[in-house]
Amino acid sequence: MSYIDVTGKTEEEAISRALEQLKLDRDDVSVQILERAKSGFLGIGSAPAKVRVTYGAEEEEPAAPVRPAAVEKPAEKAEKETRPAAKPAPRPAEKPAAQQKKPAPTEPARREEVPAQQAAPAAEEIRDEKSEAIRTFLSGLMEKMEVEAKIQVFQPEKGRYQVILSGPAMGQIIGRRGETLDAIQQITSYCVNRAGGSRVRVTLDAENYRAKREESLEHLAKKVAGKVVKYRRSVTLEPMNAYERHVIHTALQDVPNVTTGSVGMEPNRRVVVSYTR
C-alpha cells in the first residue's frame, strides 16, 4: 500500500487536501493523525496538523508453488502393464429384508437465510392515536416533497413505532448515507411527541437501508481493525452519528489488540480505532 503525509491548519483540512490530491473518496483511504494542530498563545507556538493517508490495495501473499506431477520411469510403467489385474472381491450375500439395517435418518434441510433486503416486520400494522399521527405527518411531508410513498407503521415493542416507507423514489428519501432519512425520522419523532401523551420512540426505514448500512459498517470495522493490527497504527474513520458509532464500537469490542474511542464534536464526531498490545 502507498501513503502520503499532508499538513493543514486542522486535521479536517489536511485530510481534505490529501483526498483532493489523490482524487479519492473518504471510504477509499485510511487516515492516521501524526500530529494534531496546536493554536499556541497569540500565534506563538502554533503548529499545523499532519496526517498520513494510506491508499491502494493491500499486498497479497504469493501463492504456494505447484509441485510438478511425478513422472513414471519406463521400468515402473512396464511392470504395471505386465502385472495381472486384481480380481474383484466377491460380493457378500445379501441379508434378508428383516435383518437389513435401517438407513440412518437424514438431517433436516437448513432453512435458507432471507436476504437483508427482503426482511420485513412479521406483525400487522397498528392503528392507534400515535400511529395515525405518524401517518398524517408523513403523508403531508411526502406530498410537500412530491414523493409517492406507501407508509406502514408497526409496533415491535411497547413505546417504539417502526415506520417503513416504500415507493419508486426512495433514494430521495434516504439521501446521502441516510442523512435525509435520519432528518425525517428526527422531525417525525419530535412532531408526534409534541402532541402530548406518553413519549414514544420512532424509527424510520426505507428499502431496508438501516440493515444494509449496519452490515456495511460492520464490514468496514473488521477491515479497518485488520489494518490497525497489521500496521500497529491508529485509524480515524469518517464522521458518523451516534447510532453508526455504536455499531462500530460493538463490532470491535471483542477483537484482540484493538480498542475504539470517539473524538470531535457533533456532527463531526469520529471513531478512532487504535492498536493495543
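Values quoted throughout were computed directly from the atomic coordinates according to the rules given, and no laboratory measurement underlies them. What you see is a predicted model, and the numbers here were worked out from it, not measured in a lab. Here the Cβ is made from the backbone with ideal geometry for all residues, glycine too, and neighbour counts use every protein chain on show.
Have a look at Arg213, Arg135 and point out the one that is in contact (Cβ under 8 Å) with a residue 12 or more places away in the chain and under 27 Å from Val29 (Cα atoms).
Arg213
Look through Asn268, Asn193 and report the one residue that is out of contact with any Gly (no Cβ under 9 Å at 6 or more places or on another chain) and touching a residue at least 40 places away in the same chain (Cβ under 8 Å).
Answer to the check: Asn268.
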